[in-house]
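The values are calculated or read from the model by the stated rules, or taken from the named source; none is laboratory data. As the structure is a computational prediction, the values presented were derived from the model and not from experiment. With ideal geometry, Cβ positions are generated from the backbone for all residues, glycine too; neighbour counts draw on all protein chains shown. Surface areas here come from the heavy atoms of the whole protein model, side chains and all, with no ligands, DNA or RNA. Shrake-Rupley method; radii C 1.70, N 1.55, O 1.52, S 1.80 Å.
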Amino acid sequence: MAKLTFRTDLCKGCGLCVSVCPKKVLALATDQINKKGHHPVTAVNEDACIGCAFCATMCPDCCIKVER
């Protein structure tokens, strides 16, 4: 199982990471807003993460860290 870490303060809520996740682990938080005024990414089902790191690779702001 992989461990996901998010830098929510840097996330601009673009959703690119959400769109590339093959296991639908990620979603934009609807109940949270960061300092920039965006809904940051969050893991809705971290147990399903396979550690592919597509999300971290796709993130333009390097907000996601995947540890295997």
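Please tell me the relative contact order of the chain in percent, rounded to the nearest whole number, where contacts are Cα pairs under 8 Å and at least six residues apart. Result for the chain is 45 percent. If each Cα of the chain is one equal point scatterer, what is log10 of I(q)/I(0) from the Debye formula at q = 0.17, 0.27 Å⁻¹? One equal scatterer on each Cα of the chain leads to -0.50, -1.26.
Dipole size in debye (nearest 20) for the chain around its Cα centre, Lys and Arg Cβ +1, Asp and Glu Cβ -1? Show your work: numbers first, answer last.
Details: 9 positive and 6 negative charges, 25 e Å.
Value, rounded to 20: 120 debye.
Per residue, the chain exposes 63 Å² of accessible surface when a 1.4 Å probe is rolled over the protein heavy atoms with every protein chain present. Near L26, the amide H atoms lying under 5 Å from its own belong to V44; only residues 5 or more places off or on other chains count, and H is placed 1.01 Å from N.
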